[in-house]
1. Go through the stretch 101-152 and count every residue that is at pLDDT 95 or above, of a type outside the set (Ser, Thr, Tyr) and more than 19 Å from the chain's Cα centre (by Cα).
2. On the given criteria, is GLY191 over 30 Å from TYR243 (Cβ atoms), touching a Ser or Thr at 6+ places or on another chain (Cβ under 9 Å), modelled with pLDDT under 95 and surrounded by 11 or more Cβ atoms within 10 Å (Cβ to Cβ)?
3. Surrounded by fewer than 13 Cβ atoms within 10 Å (Cβ to Cβ) and in a loop (DSSP other than H, G, I, E, B): is that true of ALA152 in this structure?
4. If you check VAL168 against the conditions, is it farther than 17 Å from ARG133 by Cβ and either modelled with pLDDT of 95 or more or not acidic (Asp, Glu) (or both)?
5. Surrounded by fewer than 10 Cβ atoms within 10 Å (Cβ to Cβ), over 21 Å from PHE189 (Cα atoms) and assigned by TED's automatic domain parsing to the domain that holds ASN179, is that true of GLY115?
6. Looking at LEU177, LEU186 in this structure, which one is within 22 Å of the chain's Cα centre (by Cα), assigned by TED's automatic domain parsing to the domain that holds THR128 and modelled with pLDDT of 95 or more?
7. Tell me yes or no: at least one residue of the stretch 123-146 is assigned to a helix (DSSP H, G or I), on the phi < 0 side of the Ramachandran plot, free of Cβ contacts under 8 Å to residues at least 40 places away in the same chain and not β-branched (Val, Ile, Thr).
8. Is there a residue being farther than 28 Å from ASP173 by Cβ and part of a helix (DSSP H, G or I) anywhere in the stretch 201-215?
Amino acid sequence: MPFLVRRGTDSQRLTITPAQGEIIYTTDTKNVFVGDGTTLGGNQITGTFAGGTLSSNLNTSTFSITNGSSLSINGATGAVLTTNLSLSNNTISITDGHSSLNVQSPGLTISTFTGITSGSPSGVPYITVAASRGTISAPTTTNQGDIISGIAFRGYTGSQYTNVASIVGGWSDTSTLTNSAPGSQLRVFTGNNAGGYNTFIFNYNGVFSAPVMQTGSYAGSAGYPASPSAGMIIFDSSNTHFYGYNGSAWKQLDN
C-alpha cells in the first residue's frame, strides 16, 4: 500500500504554513519540504536550494547555485560546506556582523582564481574588498585616515596562529574623499622579533618610507645590473661606495 504525503504545485505550497514534521511534495519542481510550524511553505530538504539563509552546516556531495540566485550565510554558528560548491554567475553573501568565510585545505594549493583579462587595468579580474562605516544595509562614508581593508598572514607557533606580516590599505589623513581618486596609502607590517612591528608606507604622493632602506650590493663594476635604468642606486662592496645611474653611466654618489 503506497504512502502519500501532502502534494501540490510550488505556488500552492507557498500559500500554506505546514505543521511541524509535515512533509510536502511539489509536483511541478519535484522537491520535498518539511514543516516547522512557522515557516511559510516549509523548509526544502531535496533538490536545488531555492532561497533563504544558511545558518548551520550544509553537508552535501555537490551543491549548485544557479539561475541568478545567491548563497547567504547569516548566523552565529556559521555554515560548513563539506565538499563542492558550484556558483554559476552568482554570489556568496556573508551578512552577519561577526561572520567569516573560512577556507581550509590539507593541500598546498588552497584556492585558485581564474579569470579573463583585457590587458588593461579596467579589464582585469580583481579580488575586491569593499568597506564602509555604518552597516551593510545602511552604509555611511568612510573618513580621512581610515584603514579600509587588509590581508594578514599568520603562522602556527605551537599554541596559536601568530601574525607574520600584513598588508593594509586606507585613506591618507588629508584625503579628499569626493575626488575620483582620493589620496590613499599602502602599509606593510613585519614582526621585528622583539614584540613590535616594522612598517613601510607608500603614500599618496608616491613617497616610499621605511625604517631602513638597503640598496642592492655588487662586488665590482663587472657585476652591475646589465640593463640599468636612470635613477638606480647601488652599493659597490669592493670599494664601499654608492653609485647612481644617470641614464648613460654610473656615477659615484659619496666621497
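1. Total satisfying the criteria: 3.
2. Values: over 30 Å from TYR243 (Cβ atoms): yes; touching a Ser or Thr at 6+ places or on another chain (Cβ under 9 Å): yes; modelled with pLDDT under 95: yes; surrounded by 11 or more Cβ atoms within 10 Å (Cβ to Cβ): yes.
So GLY191 passes the test.
3. Against the criterion (surrounded by fewer than 13 Cβ atoms within 10 Å (Cβ to Cβ) and in a loop (DSSP other than H, G, I, E, B)), ALA152 does not qualify.
4. no
5. No; evaluated as a whole, the condition is false for this residue.
6. LEU186
7. Let us first name the residues in the stretch 123-146 that are assigned to a helix (DSSP H, G or I), namely 123.
Applying the additional criterion that residues be on the phi < 0 side of the Ramachandran plot yields 123.
This time we only want the ones that are free of Cβ contacts under 8 Å to residues at least 40 places away in the same chain, so: 123.
In the following step, the residues that additionally are not β-branched (Val, Ile, Thr) were identified as 123.
Yes: one or more hits.
8. Scanning the stretch 201-215, I find no residue that is farther than 28 Å from ASP173 by Cβ and part of a helix (DSSP H, G or I), so the answer is no.
The values are calculated or read from the model by the stated rules, or taken from the named source; none is laboratory data. Values in this document were obtained by computation on a predicted structure and should not be read as measured data. Neighbour counts run over all protein chains shown; Cβ positions are idealised from the backbone, glycine included.
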